[in-house]
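Before any comments, here is the structure.
The values are calculated or read from the model by the stated rules, or taken from the named source; none is laboratory data. What you see is a predicted model, and the numbers here were worked out from it, not measured in a lab. Positions of Cβ are backbone-derived with ideal geometry, glycine not excepted, and every protein chain shown enters the neighbour counts. SASA here: full protein model, heavy atoms, side chains in, ligands and nucleic acids out. Shrake-Rupley method; radii C 1.70, N 1.55, O 1.52, S 1.80 Å.
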Amino acid sequence: MKILIVYCHPSTNSFTHTVKESFVRGLQEAGHSYEISDLYADGFHPVMSEEEYTREGFYQLDSPIAEDVKREQEKINNADVIVFIYPDFWTAAPAMLEGWFQRVWTYGFAYGDEPKMKQLNKALFLITMGGSLNDEIRRTQLEAMKTVMVGDRIRNRAKKCEVYVFDQMTRGYGNDENREHRITEFSQKAYELAKNIDK
């Protein structure tokens, strides 16, 4: 299978980076091909221009699409599965990933009368979180995130969608020993998800 990983974190010194590396290792060992859009490392520009807004807001199908956006769209249509790996920042994805959706999900590609985006076999979200899903407020926030990511942005653009949250990853606050244990546990989970991504 061909996998597109959309990875979004500003630092390699992070658990999110560890998740990405573990996931890639699983893909490699299972023999899957993959491509990574590392939004920070690639310098993806997340801010919609006035020209882009005009194209989207007025449904101007003949207006040009920026080359960096075209490249992302080509990666999507070359993939069977798309995987988003990112941290929860204040009950949302990082601004870089928000901007990726706003620029890449264009009229005529992701929506419209005849969108050219293929229906993917699967969309997978691997989200790291400092807080604990034992807390009701975090579970409520997660449902809000799913409404945005799964209900709106993926919707029928993939046949199947799965969301995994790796929680209790905050540094300090008496969580260091628990964090180290969960790094091992969640890294293994990411690896296994990749190895079995075609199931």
Where in the stretch 1-41 is the amide nitrogen less than 19 Å from a point lying 7 Å along the Cα-to-Cβ axis of GLU192? 18-31
Taking the Cα centre of the stretch 1-83 as the origin and placing charges on Cβ (Lys, Arg +1; Asp, Glu -1), which of MET48, LEU27, ASN77 is farthest toward the positive end of the dipole? LEU27
Highest GNM mean-square fluctuation, the chain, Cα pairs closer than 10 Å: which of GLU21, GLU52, GLU114? GLU114
Give the carbon-plus-sulfur fraction of the accessible surface of the stretch 67-145 in %, rounded to a whole number; probe 1.4 Å, heavy atoms of protein chains only. 48
Once you order the gyration tensor axes a ≥ b ≥ c over the Cα atoms, which shape class does the stretch 1-56 get: rounded for a/c under 1.5, otherwise prolate or oblate by comparing a/b with b/c? oblate
Describe numerically, in nm with one decimal, the distance between label points set 7 Å from Cα along Cα→Cβ at LYS118 and at GLU74. 1.5
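Based on Cβ point charges of +1 for Lys and Arg and -1 for Asp and Glu, what charge dipole magnitude is obtained for the stretch 67-123 about its Cα centre, in debye rounded to the nearest 20? Walk me through the numbers before you get to the answer.
Values: 7 positive and 9 negative charges, 25 e Å.
Computed charge dipole of the stretch 67-123: roughly 120 debye.
R0 = 22 Å: FRET efficiency of LEU133 with GLU180, Cβ-based, nearest 0.05?
Working: r = 19 Å, r/R0 = 0.85.
Computed FRET efficiency for LEU133 and GLU180: 0.75.
Working from the alpha-carbon coordinates of the chain, get Rg over Rh, Rh being the Kirkwood radius.
Details: Rg = 17.2 Å, Rh = 17.6 Å.
Using only Cα positions, Rg/Rh for the chain is 0.98.
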If R0 is 41 Å, what FRET efficiency do you get for SER14 and LYS199 from their C-beta distance, rounded to 0.05? 0.90
Roughly how far apart, in whole Å, are the Cα centres of the stretch 86-128 and the stretch 7-85? 9
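Excluding ligands, DNA and RNA, what is the solvent-accessible area per residue of the chain at a probe of 1.4 Å, expressed in Å²? Provide the component values of the computation, followed by the final result.
On the way: 10400 Å² over 199 residues.
I get 52 Å² per residue for the chain.
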Less than 16 Å apart at the alpha-carbon level, and either on another chain or at least 8 residues along: which aspartates and glutamates does that give for LYS75? GLU35, ASP38, ASP42, GLU67
Considering Cα pairs under 8 angstrom that are at least six residues apart, work out the relative contact order of the stretch 1-156 and quote it in whole percent. 29
The size of the Cβ-based charge dipole (Lys, Arg +1; Asp, Glu -1) of the chain about the Cα centre, to the nearest 20 debye, is 600
First measure r as the distance between the Cβ atoms of GLU51 and GLU162, then evaluate 1/(1 + (r/R0)^6) with R0 = 45 Å and state the FRET efficiency to the nearest 0.05. 0.80
May I ask for the net charge around ARG71, where only other residues with Cβ less than 11 Å from the Cβ of ARG71 are counted and Lys, Arg are +1 while Asp, Glu are -1? -4
When we measure straight from the Cα of LYS146, which lysines land under 17 angstrom away, once same-chain ones fewer than 8 places off are left out? LYS122, LYS159, LYS160
Would you look at the GNM of the chain, springs on alpha carbons closer than 10 Å, and say which of PHE186, PHE58, PHE101 moves the most? PHE58
For the chain, set up a Gaussian network in which alpha carbons nearer than 10 Å are linked by springs, and say which option among TYR34, TYR86, TYR173 fluctuates the most. TYR173
Of the cross-linked pairs LYS118/LYS189; LYS116/LYS195; LYS2/LYS70, which ones have a Cα-Cα span greater than 24 Å in the structure shown? LYS118/LYS189; LYS116/LYS195
Value at 222 nm in deg cm²/dmol, rounded to 500, when DSSP H runs of n ≥ 4 in the chain each add -39,500 (n - 2.57): -12000 deg cm²/dmol
